[in-house]
Amino acid sequence: MTDRKVGTYKFVAEPFHCDFSGKLTLGMLGNHLLNCAGFHATDRGFGMATLNENHYTWVLSRLAIELEDLPVQYEDFSIQTWVEAVYRLFTDRNFSILDKEGRVIGYARSVWAMISIESRKPADLLNLHGGSIMDYVCDKECPIDKPGRIKVTEKTPWAEYRTKYSDIDINGHVNSIKYIEHILDLFPLDSFRGRRVRRFEMAYVAESYYGDVLSFFCQETEPGTYDIEVKKNGTDVVVRSKVIFI
């Protein structure tokens with residue numbers, strides 16, 4: 001039963017997926033996590049292609065990643081994913097990241113909504129295939145905190161960025177992983193020498209599109225901990241993030 005509920009997917013840390021330290025980038029790890037969510041959902045009948053036929057799609061609402069380590073280049077690793085809970089409008093999906101020896105080196109928590117492609121409004125998950133998504137709810141442990149509330153009071157942006165071709169995904173808006181990359185780019189290279197990201201959180205508030213100007217507001221709430229808010233075109237908040245270095 002557990003094997004039916006938990007999906008396990010194998011990867012290799014390709015050199016072009018790694019940073020200057022030779023370890024997998026957090027953005028690429030996030031990409032793998034989202035791919036695993038898609039693989040797991042598709043294998044169980046509630047994947048993106050099936051939803052698109054009925055004019056629905058999955059959107060990521062929140063993501064929290066907590067890490068002890070990351071794979072080094074050419075190293076095999078695997079990701080496990082499972083559904084922790086299903087509510088009417090949201091579902092909680094968790095992940096574990098395992099090294100080549102099968103040792104857990106990180107966990108992630110995510111929150112997803114199913115929305116109408118036309119109205120962009122949430123749909124009732126308990127009506128999806130007669131509620132069959134509930135068959136895959138699993139009580140496998142994920143011993144990290146859920147994403148918390150992030151409040152930023154900083155009024156002067158650290159940086160601004162106009163979205164470009166490479167930021168835009170198949171849905172026509174900025175890819176959720178691109179925000180991770182742009183947020184980490186706020187920090188100089190020396191920030192990643194001798195320390196690493198222990199925890200990274202994202203809360204997705206609104207969509208942004210090609211040509212939008214993103215403003216990044218950042219404040220250090222305690223040593224090594226940063227809260228970040230991203231606004232588009234000087235007004236609407238699109239994402240909030242927390243980055244914790246150790």
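Numbers at a glance
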| quantity | calculated |
| --- | --- |
| Residues located in segment 157-170, provided they are in a loop (DSSP other than H, G, I, E, B), modelled with pLDDT of 95 or more and open to solvent by 90 Å² or more (accessible area, probe 1.4 Å) | 158, 164 |
| Of all residues in segment 121-134 being open to solvent by 40 Å² or more (accessible area, probe 1.4 Å) and in contact (Cβ under 8 Å) with a residue 24 or more places away in the chain, the one that is farthest from residue 43 (Cα to Cα) | 122 |
| Failed item in (1) out of contact with any Leu (no Cβ under 6 Å at 6 or more places or on another chain); (2) assigned to a strand (DSSP E or B), with residue 100 passing the rest | (2) |
| Odd one out for residue 207, checked against (1) surrounded by 15 or more Cβ atoms within 10 Å (Cβ to Cβ); (2) in a loop (DSSP other than H, G, I, E, B); (3) touching a Gly at 6+ places or on another chain (Cβ under 8 Å); (4) not aromatic (Phe, Trp, Tyr) | (3) |
| Filtered residues of segment 103-120 (kept if touching a residue at least 24 places away in the same chain (Cβ under 8 Å) and small (Gly, Ala, Ser)) | 106, 108, 110, 113, 116 |
| Helices (runs of 4 or more DSSP H) within segment 1-92 that include 3 or more residues touching a residue at least 60 places away in the same chain (Cβ under 8 Å) and out of contact with any Cys (no Cβ under 8 Å at 6 or more places or on another chain) | 26-43 |
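The values are calculated or read from the model by the stated rules, or taken from the named source; none is laboratory data. Since the structure is predicted, the reported quantities are computational estimates derived from the model, not experimental observations. Counting neighbours? That spans all protein chains shown, and the Cβs are built from the backbone with ideal geometry, glycine included. Each accessible area value is taken on the protein alone, full model and side chains, heavy atoms only, with ligands, DNA and RNA left out. Shrake-Rupley method; radii C 1.70, N 1.55, O 1.52, S 1.80 Å.
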